[in-house]
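As structure tokens, the structure follows; a few thoughts come after it.
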Amino acid sequence: MKRILCGLMALLMIVCLCACGGGGSGGRTDAKLEGRYIAVTGEMLGVTMSGEDMEGFSVELQSGGKAVLEIDGDSSNVKWKCDDETITLMVEGEELVAQRGVDSFVMEDMLGMGMDITFAKEGTDAASPEQYLPEADRFMLGAWKSTAVTDVLEEPVDTIAADALQLEFTDDHQVQVTLGGEDLGVYKWSLLGDWGCLDDADDLSLSWDILDDGIMVDYSAGDDYFVFQCEKAE
């Protein structure tokens with residue numbers, strides 16, 4: 001997903017380098033929409049990205065139908081217009097049409113690459129990624145604590161406490177992992193349906209299934225392999 005997003009940004013910047021800056025939009029604009037909009041989520045194939053994965057991608061709607069598109073520090077002058085339901089960015093040879101929300105807009109299937117990107121006005125409540133996350137992602141947010149532990153054969157173990165695993169999930173898709181009181185670090189996480197995993201962990205493997213009464217977590221590091229039953233912490 002991260003590679004696809006980087007490819008999309010690179011393609012959009014190439015298109016923007018050919019764009020004509022300045023001038024009017026050739027259509028209606030609305031002063032209430034002016035401001036800087038940051039990318040808060042990107043969704044493709046049922047996987048949602050947010051937080052640092054979406055940093056560096058923004059659109060500033062200015063007066064007179066002018067706009068500035070910024071991608072990883074590089075900016076291009078483009079144009080924009082709107083109607084009651086959409087905002088359209090006009091780049092040379094391309095019209096990127098987004099569906100309007102409250103202090104936000106969504107570009108669906110951006111540049112035909114299958115990714116939907118949500119932009120929200122900076123400094124507003126709309127810029128909180130949590131409200132755009134799928135239901136399963138929102139379910140994961142907060143603190144979790146293990147209540148039972150077995151080995152891979154579902155046999156009880158006495159080498160680690162049943163409540164040893166603690167997980168703290170945040171809406172920018174990061175999770176802090178603690179085992180037996182030891183902080184193991186903060187990692188990126190993602191979900192595909194009801195199955196989730198860490199995205200960037202080299203020193204441990206951690207994945208989970210969402211159940212009706214909590215999550216079942218598979219944990220392995222070195223020679224250790226445990227299966228934890230976890231529930232939301234009080």
Worksheet item: With each pseudo-label sitting 7 Å past Cα toward Cβ, what's the ASP194-VAL157 distance in nm, one decimal?
Response: 2.4
Response to the item:
Neighbours of ASP223 by Cβ distance under 14 Å: Lys/Arg at +1, Asp/Glu at -1, summed charge -3
Worksheet entry | Full-extension gain in nm, GLU135 to ASP218, via 0.36 nm per residue minus C-alpha separation | 27.7 nm
Discussion item. Counting only protein heavy atoms and a 1.4 Å probe, tell me what percentage of the range 99-161's accessible area is made up of carbon and sulfur.
Written reply: 48
Worksheet item: Looking only at the range 150-194, which residues have a backbone nitrogen under 12 Å from a spot 7 Å from the Cα of ALA143 in the C-beta direction?
Response: 166-169
Worksheet item: Each residue of the range 126-143 in turn: what ³J(HN,Hα) in whole Hz from Karplus with 6.51, -1.76, 1.60 and θ = phi - 60°, glycine and Pro shown as x?
Response: 5, 7, 7, x, 4, 5, 9, 6, x, 4, 5, 5, 5, 4, 6, 5, x, 9
Worksheet, complete the sentence: the range 43-136 accessible area per residue, 1.4 Å probe, protein heavy atoms, integer Å², reads 46
Worksheet item: Under a point spin-label approximation (7 Å from Cα along Cα-to-Cβ), what is the GLU122-GLU52 distance to one decimal in nm?
Response: 2.0
Item to complete: Take a quick pass over the chain and tell me how many lysine pairs come in under 27 angstrom between Cα atoms, counting only ones 8 or more apart or on separate chains.
Response: 15
Worksheet item: Using the alpha-carbon atoms, what tilt in degrees (0 to 90, nearest 10) does helix 2-17 show relative to the longest principal axis of the chain?
Response: 10
Response to the item:
Rounded to a whole %, the carbon-and-sulfur portion of the accessible area of the range 166-225 at a 1.4 Å probe is 41
Worksheet item: How large is the dipole of the chain about the Cα centre if only Lys and Arg carry +1 and Asp and Glu carry -1, each at its Cβ, rounded to the nearest 20 debye?
Response: 1520
Response to the item:
Expected unfolding gain across GLU182-VAL97 under the 0.36 nm per residue rule, minus the alpha-carbon gap, is 25.8 nm
Item to complete: For CYS230, CYS197, give the ranking by accessible area with the largest first, probe 1.4 Å.
Response: CYS197, CYS230
Practice prompt. Compute the Cα gyration tensor for the range 158-234, then decide on rounded, prolate or oblate, letting a ≥ b ≥ c be the square roots of its eigenvalues: rounded whenever a/c is under 1.5, prolate when a/b is larger than b/c in the other cases, and oblate in all that remain.
Written response: rounded
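The values are calculated or read from the model by the stated rules, or taken from the named source; none is laboratory data. Just so it is clear, the structure is predicted and the values come from calculations on it, not from any experiment. As a convention, Cβ positions derive from the backbone with ideal geometry for all residues, glycine included, and neighbour counts pool all protein chains shown. The area values use the complete protein model at the heavy-atom level, side chains included, leaving out ligands, DNA and RNA. Shrake-Rupley method; radii C 1.70, N 1.55, O 1.52, S 1.80 Å.
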